[in-house]
Amino acid sequence: MTEPHLKKPLLELKNLRSYFKFHGVEPSKYLDQKFLEYFQARPSYEPTEFEKQAREDYWSVGREKLIIDGYDYTYEQNEILIKAVDGASVTLHGNESLSIVGETGCGKTSLLFSVMNFPLPHHSYKAGEINYYPTDDNVPVNLLPLSDKEMEKYRGIHFGLIPQLPKESLNPWITVGFQSGEILLERLSMRQEKIKEKVIEFLGKVAIPDPSISMEKYVNQLSGGEAQRVCIAMALLGDPRILLADEPLASLDTIIQATVIHLLLELKKEMKFSYVFATHNIGAAGQLGDVMAVMYGGEIIEIRPTKEFFEDEPLHPYSKGLLHATPWYALRKNQPLKEIPGELPKPYDWPTGCKFHPRCPSATAVCKRSKPPRIQLDNSFVECFLYA
Ligand SMILES: Nc1ncnc2c1ncn2[C@@H]1O[C@H](COP(=O)(O)OP(=O)(O)OP(=O)(O)O)[C@@H](O)[C@H]1O
Ligand code: SF4
Ligand SMILES: [Mg+2]
């Protein structure tokens with residue numbers, strides 16, 4: 001029988017091993033026999049420097065909330081296949097914020113919508129896995145095979161979605177209050193008086209003026225910023241564990257953008273959810289995310305903690321290009337603004353090998369031929385031959 005004082009370390013070791021296995025890494029490469037002996041032989045558990053380092057390197061152990069693994073999403077239009085998401089893999093941890101950045105059409109919305117697992121549009125296909133951890137017992141549910149009915153217990157309650165176009169997503173025929181409360185009535189069967197109370201509370205949380213009056217308004221009576229905040233309130237009303245925010249700043253002026261950024265950070269602290277924030281705006285991504293994920297041509301080509309991304313520079317040549325093409329960064333570094341050369345290829349006609357090779361200043365022959373592998377460097381991942 002396991003000694004009680006060894007239960008915790010052994011569980012941690014087990015988690016660490018399953019984490020390696022899950023990611024297709026041979027555990028013994030990192031966890032040598034010595035590590036095992038430490039756990040089993042010592043009477044009281046005090047991690048050694050080696051163990052501390054191992055745990056720091058694999059800080060994600062046991063904290064996963066959502067693992068998107070080799071996910072593909074393809075649309076077919078006029079017999080042309082568009083791979084909007086191409087083998088994307090990324091992990092969101094509990095209470096973490098993940099910013100996904102990339103140019104228009106790189107697949108941000110397609111990826112976020114895939115987590116909601118909405119019924120597929122005509123002629124579209126998906127593959128891979130989206131594993132969600134509804135509880136802390138480390139048992140994931142792969143969302144993709146679930147039916148629409150089965151997904152209902154997750155949508156709005158486990159996952160809240162802030163859509164990219166707030167005004168277009170709200171129903172123009174019913175009041176803001178009524179549509180905000182629908183989720184509480186339909187999924188959580190709450191009583192009318194309680195629903196009204198909660199809607200007023202949440203409209204207040206997102207700083208909608210006079211919530212009890214504003215809830216009687218229709219969408220055309222809201223400003224763009226107010227509509228955005230109503231969508232944030234609606235996404236949060238079901239008390240989700242993961243908030244999926246798709247360009248929540250796009251239709252706002254810079255002052256309101258700052259207010260919404262502040263609001264999201266405060267709400268995250270108060271409500272303790274994790275979120276994924278998709279945007280073109282690399283500066284906002286840095287303010288809102290603990291971790292940055294960069295997408296290009298439907299692929300996630302870099303994942304890097306935000307601090308390292310901005311302070312030590314990104315790793316992938318495309319991510320570097322994005323950062324150096326940002327006016328505030330050029331100003332901060334006292335450097336001229338640099339454009340990424342070339343154009344974004346058509347979504348149905350990506351180049352072979354590394355999709356970025358026609359625009360990459362460091363491209364070599366192998367980049368044109370083969371797809372770069374995913375390399376792990378400390379807490380970052382990068383898909384580029386420069387690091388292979
Ligand atoms: N319903 C659809 N049918 C066909 N193609 C689609 C559909 N929705 C998206 N696409 C294509 O999939 C690719 C990814 O689109 P997506 O909207 O996910 O990108 P995005 O990164 O969110 O872009 P943006 O920054 O402009 O919002 C694009 O090439 C787009 O044209
Ligand atoms: S794999 Fe090659 S082409 Fe692609 S980003 Fe790296 S160096 Fe550039
Ligand atoms: Mg989008």
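The values are calculated or read from the model by the stated rules, or taken from the named source; none is laboratory data. As the structure is a computational prediction, the values presented were derived from the model and not from experiment. Using ideal geometry, Cβ is built from the backbone for each residue, glycine included, and neighbour counts are taken over all protein chains shown.
Descriptive notes on the structure:
- Matching entry among 264, 322 (being in contact with a Leu (Cβ under 7 Å, 6 or more places away or on another chain) and either in the same structural domain as residue 77 (by TED's automatic domain parsing) or not in a loop (DSSP other than H, G, I, E, B) (or both)): 264
- Of all residues making up the range 170-191, the number that are of a type in the set (A, V, I, L, M), farther than 18 Å from residue 155 by Cα and crowded, with 16+ Cβ neighbours inside 10 Å: 1
- Exclusive hit being within 16 Å of ligand 2 (Cβ to nearest atom), surrounded by fewer than 23 Cβ atoms within 10 Å (Cβ to Cβ) and not small (Gly, Ala, Ser), set 313, 270: 313
- Selection from the range 212-269 of residues that are farther than 23 Å from residue 113 by Cα and basic (Lys, Arg): 217, 269
- Hits in the range 87-129 - residues which are within 16 Å of ligand 3 (Cβ to nearest atom), assigned to a strand (DSSP E or B) and of a type outside the set (S, T, N, Q): 88, 98, 100, 101
- Residue 348 meets each of the listed conditions (1) without any contact (Cβ under 8 Å) to a residue 24 or more places away in the chain; (2) hydroxyl-bearing (Ser, Thr, Tyr); (3) in contact with a strand residue (DSSP E or B) (Cβ under 6 Å, 6 or more places away or on another chain) apart from (1).
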